[in-house]
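Everything on this sheet refers to the single structure shown next.
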Amino acid sequence: MILDTLLDALDRGGAPVVGSFIGGHAEAPADGTPVLDVLAPATGRRIARLADAGEAGVDRAAVSGLEAFRAWRRVPARERGAIVTELAARVSARADDLALLDAHDTGNPLAAMRADITKGVRLAREAAGLALEVRGETFPLPGHHYTQREPWGVVGRMITFNHPTMFTCARLATALVAGNCVVLKPSELAPLSALAVGELTAGLVPDGVVSVVAGGPATGAALVRHPAVRRLTFTGSTATALRIQAEAAASGHVKTLSLELGGKNPILVFPDVDVDEAAAAIVRGMNYTRVQGQSCGSTSRLVIHASIAGPVLERVAAAVSRIRIGLPTDPMTEMGSLISPAARARCVGAVSRATAAGARVLAGGGVPDAAELAEGAFFEPTVVDRVRPGTELADEEVFGPVLAALTFEDETEAVALANEGAYGLTAAVWTRDIDRAFRMVDALEAGYVWVNDVETRFPAVPFGGWRDSGVGAEHGLEEILSMTRLRAVNVRIG
Ligand code: NAD
């Protein structure tokens, strides 16, 4: 099995070649297949070599999906739900192994990846429980009028690197529950657990119902262009999403895309809050631990009333400075490595340009100097204040552990700062004034808003961005229904 081969290699220091899981089988790559190195970002060590499926592999996966769909769409919904529940059980049974693989592959702490897998399993189980909710309506008109929710056929799902097993589990589950076959493409930066989970579906679903294609951007683009794949979802950056929209249009077919993209999410803190509680929330909202700030929903833009900025930021900086950075497999580690040296360079660049523009580093801001971290892509948890509105650090996503703090004097200014830039994913409002809280919810350009909370999310609640943060929503029934297309039927009764 892919998972056992990879775990064995982690133990022994090898780097096996892994291929895609297509049509029910882990493919042995043919001679001449391009191979990408898979590096553990915390050590720089090569842990696998990834055979790029390319256009031909995507075609094999899509065609096997099309063939499998003929029978799979006839499987009763309740049975599909039971199959997804069994998939969750299989993932759960290998959770420790998958977490270890993800920790090496992503640089995220092992405990965080273990919790992530629990979440992925829960999302899959909840999706399974919604199988019978995929249904239409009737209309009180002459004759018999009803709608049906039909699967798309083969759906293409592209995911990013920060929660590999969790995303794989959840994306497969919702597509399968709705009656689709799936071709999933993980990020080439952390592809391994997706391939392992793909293989866990062998013998559970008919061959071809699930394929996981490995590869880089060209392989993703081939999936977007494939004529059999009319429904696509992508989790990643706005820049790539725009390319995907263009690729989809260039295919000559109309495609339906859901896009789960980035954000520069504001957390608004008004002067009536408890400063200790607010400071703790600001730190938690950054997701410094678990994913090193590499979370789309991180509240990385603090918009705080000038009168309390001093004491709150002092507490934030103190808490952030205590975060323990270390190797992902060290049980004491709270914060691991970024996904790549390029990601670290992005943090270094963003902080240095901000300070050159007058901002001030209150905590972190550099590369840790511990010898055992020297080969990894580590960056300190960072707090930067005096960030000027309209500058790069105020408006652009860093996708790393860098919090940008801006101050405001009144509510109008707070809203303007929060809505600045092109994103609109999450936002948080901290105040004890209920009228103000609802005014803020109404004024914020974001698809998901917390009031006096951050980070907490419940699986049934849809999550999706506005503006350049995306199209559509994931989780719960919303996502499952998006995995279907609607047919209306008009029956004349004579
Ligand atoms: P990215 O845009 O660099 O995505 C890279 C992925 O896209 C890779 O797998 C690559 O192979 C593929 N790709 C590149 N070009 C392609 C093309 N033309 N066609 C098809 N596929 C192509 O993003 P990333 O660095 O992997 O992820 C970070 C981003 O993801 C951040 O912006 C983050 O906010 C966002 N994100 C969003 C959510 C959400 O739910 N909204 C969740 C996690 C991450």
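The values are calculated or read from the model by the stated rules, or taken from the named source; none is laboratory data. Since the structure is predicted, the reported quantities are computational estimates derived from the model, not experimental observations. Methodologically, a virtual Cβ is constructed for each residue, glycine included, from the backbone with ideal geometry; neighbour enumeration extends over all protein chains shown.
Quick check on the range 173-191. Is at least one of its residues of a type in the set (S, T, N, Q), touching a helix residue (DSSP H, G or I) at 6+ places or on another chain (Cβ under 9 Å) and assigned to a loop (DSSP other than H, G, I, E, B)?
Among the residues of the range 173-191, at least one is of a type in the set (S, T, N, Q), touching a helix residue (DSSP H, G or I) at 6+ places or on another chain (Cβ under 9 Å) and assigned to a loop (DSSP other than H, G, I, E, B), which makes the answer yes.
(1) within 12 Å of the ligand (Cβ to nearest atom); (2) more than 20 Å from Tyr448 (Cα to Cα): which one isn't true of Pro311, the others all being true?
For Pro311, the failing item is (1).
Going through Val398, Val441 one at a time, which residue ends up being within 23 Å of Val320 (Cα to Cα) and either at pLDDT 95 or above or in contact with a Cys (Cβ under 7 Å, 6 or more places away or on another chain) (or both)?
Unique residue meeting the criteria: Val398.
Name every residue in the range 5-24 that is of a type outside the set (Val, Ile, Thr) and more than 18 Å from Thr219 (Cβ to Cβ), in order of residue number.
Listed by number, the residues that qualify are Leu6, Leu7, Asp8, Ala9, Leu10, Asp11, Arg12, Gly13, Gly14, Ala15, Pro16, Gly24.
Identify all residues within the range 129-140 that are in contact with a Lys or Arg (Cβ under 8 Å, 6 or more places away or on another chain) and part of a helix (DSSP H, G or I); write none if there are none.
Ala131, Leu132
Within the range 224-262, can you find the residues that are more than 10 Å from the ligand (Cβ to nearest atom), assigned to a strand (DSSP E or B) and charged (D, E, K, R)?
Within the range 224-262, Arg231 is the sole residue that qualifies.
Can Ile308 be described as modelled with pLDDT of 95 or more, surrounded by 24 or more Cβ atoms within 10 Å (Cβ to Cβ), in the same structural domain as Thr426 (by TED's automatic domain parsing) and more than 26 Å from Ala374 (Cα to Cα)?
no
Residue-by-condition table, conditions (1) within 16 Å of the ligand (Cβ to nearest atom); (2) free of Cβ contacts under 8 Å to residues at least 40 places away in the same chain; (3) in contact with a helix residue (DSSP H, G or I) (Cβ under 7 Å, 6 or more places away or on another chain):
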position	(1), (2), (3)
Thr138	no, yes, no
Thr147	no, no, no
Gly153	no, no, yes
Phe161	yes, no, yes
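Given the conditions (1) more than 24 Å from Gly65 (Cα to Cα); (2) in contact (Cβ under 8 Å) with a residue 60 or more places away in the chain; (3) not aromatic (Phe, Trp, Tyr), report the number of the one that Asp96 does not fulfil.
Of (1) more than 24 Å from Gly65 (Cα to Cα); (2) in contact (Cβ under 8 Å) with a residue 60 or more places away in the chain; (3) not aromatic (Phe, Trp, Tyr), only one is false for Asp96: (2).
Hey, does the range 274-291 have a residue that's away from the ligand (no atom under 13 Å from the Cβ), in contact with a strand residue (DSSP E or B) (Cβ under 9 Å, 6 or more places away or on another chain) and assigned to a strand (DSSP E or B)?
No: zero hits.
Can you go through Val303, Val316 and tell me which one is touching a residue at least 40 places away in the same chain (Cβ under 8 Å), part of a strand (DSSP E or B), crowded, with 24+ Cβ neighbours inside 10 Å and aliphatic (A, V, I, L, M)?
Among Val303, Val316, only Val303 is touching a residue at least 40 places away in the same chain (Cβ under 8 Å), part of a strand (DSSP E or B), crowded, with 24+ Cβ neighbours inside 10 Å and aliphatic (A, V, I, L, M).
From the residues in the range 350-375 that are touching a residue at least 12 places away in the same chain (Cβ under 8 Å) and in a helix (DSSP H, G or I), which one is surrounded by the most Cβ atoms within 10 Å (Cβ to Cβ)?
Ala354
Could you please give the count of residues in the range 179-212 that are of a type in the set (A, V, I, L, M) and surrounded by fewer than 24 Cβ atoms within 10 Å (Cβ to Cβ)?
Counting residues in the range 179-212 that are of a type in the set (A, V, I, L, M) and surrounded by fewer than 24 Cβ atoms within 10 Å (Cβ to Cβ) gives 4.
Inside the range 292-305, can you point out the residues that are farther than 18 Å from Asp385 by Cβ and away from the ligand (no atom under 11 Å from the Cβ)?
Scanning the range 292-305 gives a single hit, Gln292.
For residues that are buried (at least 21 other Cβ atoms within 10 Å of the Cβ) and either outside any strand (DSSP E or B) or more than 19 Å from the chain's Cα centre (by Cα) (or both), tally how many sit in the range 335-349.
6
Can you name every one of the helices (runs of 4 or more DSSP H) wholly within the range 408-494 that holds 2 or more residues which are within 22 Å of the chain's Cα centre (by Cα)?
It comes to 476-482.
Scanning for something at pLDDT 95 or above, out of contact with any strand residue (DSSP E or B) (no Cβ under 9 Å at 6 or more places or on another chain) and surrounded by fewer than 24 Cβ atoms within 10 Å (Cβ to Cβ), does the range 142-159 turn up at least one residue?
Yes, there is a match, as at least one residue in the range 142-159 is at pLDDT 95 or above, out of contact with any strand residue (DSSP E or B) (no Cβ under 9 Å at 6 or more places or on another chain) and surrounded by fewer than 24 Cβ atoms within 10 Å (Cβ to Cβ).
If you take the residues in the range 442-455 that are in contact with a Phe, Trp or Tyr (Cβ under 7 Å, 6 or more places away or on another chain) and more than 10 Å from the ligand (Cβ to nearest atom), which one is farthest from Gly153 (Cα to Cα)?
Asn452
Check the range 200-207 and report whether any residue there is at pLDDT 95 or above, in the same structural domain as Val84 (by TED's automatic domain parsing) and within 14 Å of the ligand (Cβ to nearest atom).
No, that holds for no residue.
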